[in-house]
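Engineer: Questions regarding the structure given below will be posed in turn.
The values are calculated or read from the model by the stated rules, or taken from the named source; none is laboratory data. Computed from a predicted model, the values in this text were never measured in an experiment. With ideal geometry, Cβ positions are generated from the backbone for all residues, glycine too; neighbour counts draw on all protein chains shown.
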Amino acid sequence: MRIEGISVYQHDLVVADGLYEMSTSEVVALDSTVVAVHTDIGLVGFGETCPLGPTYQPQHARGARAALAEVAPRLLGLDPRQPTVVYAAMDAALNGTAYGKSAIDVACWDLAGKYYGARVADLLGGVHQERVPSYYGIMPSTPNACADKASELVAAGFPRIQVKCGARSLEEDIASVRAVAEVLPPEVPLLADANRGWSQREAINFSQATRDVALALEQPCLTLADHYAIANKVCHPLYLDESADSVSSVMDAISSGLAQGFGMKISRVGGLTPMRTVRDMAAARGISHTVDDTWGGDILAASCVHMAASCLPTQHEGTWISEPYTSNGYPTITPALTNHDGWIDLPPGPGLGVDPDLNQWGKPVVEYS
Ligand code: 0XW
Ligand code: MG
């Protein structure tokens, strides 16, 4: 099987209720890029990349499409069943911009699955869980409103809760996280995610003020250096998210003992191929993590669920998908990936098990052949 052409599509995913708010950004619609990788035997594989606006990370939608313009022409003729060979060709064409390469990498795994008649999760090593736990990020509001939302989510079955911090005063963050902790059963993990919005002093003060609360701090500060500086002064486990931006940075954070967990985004490390390495490194040190992406529709959600299903349940803490937060998906032939009471079923495959309805997508924004 050889790659014959790559079509790139664009779709805006609109945020339900109008606004998704974090300390670092507010977004109302997400510009998603879908690639269709066409082969000489007629199979088509799909991948997607969808940065969470231009300020969540140093990634943006048009940057992804610019990266695809650099790498796509160099992939024609390659065998997509060999994702590491395709990856080497992408790296030879472009330094970095892993989030753009990620869409191609996922499409190659989709194609391999379709070729072999296997689910992507089977190809990633095997399925430990046919249903994966999800989690929900509660946006900043009053302590009572956050606690009410948490109660509603737990009653609905969500097995993990994250509270977005850093977008209001530290006192309000402390009060909201305390209010949520009071309504959570002890088995439901709680994360305080500042999305790099706290200074070192604020992160230390928050942690010391909530030292009696069982929670983990997720990406409290801006840089890796900030996290090294606060590591011995905070009272809670430290999870990296935005700073876990490559296999190499994850390796450093694990081997130095800095991180006790990760909020992992597949596209940030460059796709399923590098994420497989992250999964295995984390497992080797008993480190748990999520398997998410920054936003995206069913293709990205499916890639997360396949990877999550291939993780040990003790290692995989949850998979966030955008479906509860998005008011319009994009047209697919397959049933939409849905969060059922806080859990997500592994799509049956083959490949990712998600096929966009290209007849309804209009013309590609660009084609490489
Ligand atoms: C809650 N998330 C998984 C969704 C958004 O992409 C941000 C992210 C996070 O944890 O930062
Ligand atoms: Mg996070």
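Engineer: If I filter the stretch 199-208 for residues that are within 16 Å of ligand 1 (Cβ to nearest atom) and in contact (Cβ under 8 Å) with a residue 40 or more places away in the chain, do I get at least one hit?
Structural biologist: Checked the stretch 199-208: no residue is within 16 Å of ligand 1 (Cβ to nearest atom) and in contact (Cβ under 8 Å) with a residue 40 or more places away in the chain.
Engineer: Could you go through the stretch 68-87 and let me know if any residue there is in contact with a helix residue (DSSP H, G or I) (Cβ under 7 Å, 6 or more places away or on another chain) and within 30 Å of C221 (Cβ to Cβ).
Structural biologist: Among the residues of the stretch 68-87, not one is in contact with a helix residue (DSSP H, G or I) (Cβ under 7 Å, 6 or more places away or on another chain) and within 30 Å of C221 (Cβ to Cβ), which makes the answer no.
Engineer: Right, something else. Would you mind listing the helices (runs of 4 or more DSSP H) fully within the stretch 211-312 where at least 2 residues are surrounded by fewer than 16 Cβ atoms within 10 Å (Cβ to Cβ) and either at negative phi or acidic (D, E) (or both)?
Structural biologist: Fully inside the stretch 211-312 and qualifying: 224-230, 247-255, 272-284.
Engineer: Among the listed residues D91, D79, identify the single one that is outside the structural domain of C304 (by TED's automatic domain parsing) and assigned to a loop (DSSP other than H, G, I, E, B).
Structural biologist: D79
Engineer: Of all the residues that make up the stretch 176-198, how many are more than 21 Å from H316 (Cβ to Cβ) and either in contact (Cβ under 8 Å) with a residue 60 or more places away in the chain or buried (at least 17 other Cβ atoms within 10 Å of the Cβ) (or both)?
Structural biologist: The qualifying residues number 12.
Engineer: If you don't mind, another one. Which one is farthest from L111 (Cα to Cα), of the residues in the stretch 31-60 that are more than 16 Å from ligand 2 (Cβ to nearest atom), within 18 Å of the chain's Cα centre (by Cα) and surrounded by 22 or more Cβ atoms within 10 Å (Cβ to Cβ)?
Structural biologist: S32
Engineer: Could you please let me know if A66 is assigned to a helix (DSSP H, G or I), buried (at least 22 other Cβ atoms within 10 Å of the Cβ) and on the phi < 0 side of the Ramachandran plot?
Structural biologist: No; evaluated as a whole, the condition is false for this residue.
Engineer: Next question. Look through Y56, Y87 and report the one residue that is closer than 30 Å to P350 by Cα and not aliphatic (A, V, I, L, M).
Structural biologist: Going through Y56, Y87 in turn, the sole match is Y87.
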